[in-house]
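Heads up: the structure comes next, in structure tokens.
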Amino acid sequence: TQLLEQSPQFLSIQEGENLTVYCNSSSVFSSLQWYRQEPGEGPVLLVTVVTGGEVKKLKRLTFQFGDARKDSSLHITAAQPGDTGLYLCAGERGGYSTLTFGKGTMLLVSP
Amino acid sequence: GAVVSQHPSRVICKSGTSVKIECRSLDFQATTMFWYRQFPKKSLMLMATSNEGSKATYEQGVEKDKFLINHASLTLSTLTVTSAHPEDSSFYICSAREGRNGYTFGSGTRLTVV
């Protein structure tokens with residue numbers, strides 16, 4: 001069973017649209033991270049959330065950690081072609097444990 | 001910020017040969033590094049946890065004799081794919097963690113076995 005369920009798996013939108021990616025689990029995580037990966041490159045960390053209910057903003061990206069620390073969302077406002085990539089959520093269940101990745105959301109933003 | 005360097009970025013090898021991939025933490029020491037495998041348009045699958053000075057911990061289903069991991073120093077871990085076959089072709093990525101600053105990933109190695 002997949003510990004972290006990420007949805008949608010694929011999203012194709014037009015420039016200027018808004019979108020939300022969800023990352024859900026039945027397990028509690030001490031922290032949850034969001035990464036963006038471009039083809040042929042390693043994932044790049046966007047944000048880490050650690051406190052239940054926490055909201056972090058990174059320009060047009062808004063990240064939220066659920067109150068129970070079991071789920072998270074990534075909202076992108078006014079998407080741009082440069083936002084195209086694979087978005088991955090990853091959870092950590094205790095300090096210095098291994099990361100568990102969701103299946104990823106492939107986002108394609110067309111001009 | 002923390003930087004992890006992975007080399008080579010691409011490698012093509014003949015079936016039956018072995019390939020070594022290096023993962024270096026450039027500006028910090030990493031007692032633990034992680035090796036992942038990624039199939040096209042899919043997520044990362046943890047293969048093993050590399051521990052400096054001791055044996056690696058392999059995930060279930062990963063052949064330790066095929067994917068040899070050596071972590072001989074605090075800044076270098078290597079993954080050797082032994083007797084490579086076409087089904088071993090994949091994107092391999094390493095990562096390391098600096099203190100509590102989160103995980104930093106290498107840029108990956110595209111392995112093609114012909």
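The values are calculated or read from the model by the stated rules, or taken from the named source; none is laboratory data. A quick note: this is a predicted structure, and the numbers were derived from the prediction, not measured. Cβ placement follows ideal geometry from the backbone for every residue including glycine, while neighbour counts extend to all protein chains displayed. Side chains included, ligands, DNA and RNA excluded: accessible areas come from the protein's heavy atoms. Shrake-Rupley method; radii C 1.70, N 1.55, O 1.52, S 1.80 Å.
Some values worked out for this structure:
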| read-out | value |
| --- | --- |
| Residue that is farthest from the other protein chains (Cβ to nearest Cβ) [pool: residues in the range A:68-97 that are of a type in the set (S, T, N, Q) and open to solvent by less than 50 Å² (accessible area, probe 1.4 Å)] | A:S73 |
| Test: residue in the range B:62-74 that is surrounded by fewer than 18 Cβ atoms within 10 Å (Cβ to Cβ), small (G, A, S) and assigned to a strand (DSSP E or B) | yes |
| Subset of the range B:95-114 that is more than 8 Å from chain A (Cβ to nearest Cβ) and under 13 Å from the mean Cα position of the chain (by Cα) - its residue that is surrounded by the most Cβ atoms within 10 Å (Cβ to Cβ) | B:A96 |
| Identity of the residue in the range B:75-94, open to solvent by 10 Å² or more (accessible area, probe 1.4 Å) and touching a residue at least 60 places away in the same chain (Cβ under 8 Å), that ends up farthest from the other protein chains (Cβ to nearest Cβ) | B:S83 |
| Positions within the range A:1-45 being hydrophobic (A, V, I, L, M, F, W, C), under 21 Å from B:L44 (Cα atoms) and touching a residue at least 24 places away in the same chain (Cβ under 8 Å), in sequence order | A:L3, A:L4, A:F10, A:L11, A:V21, A:C23, A:V28, A:F29, A:L32, A:W34 |
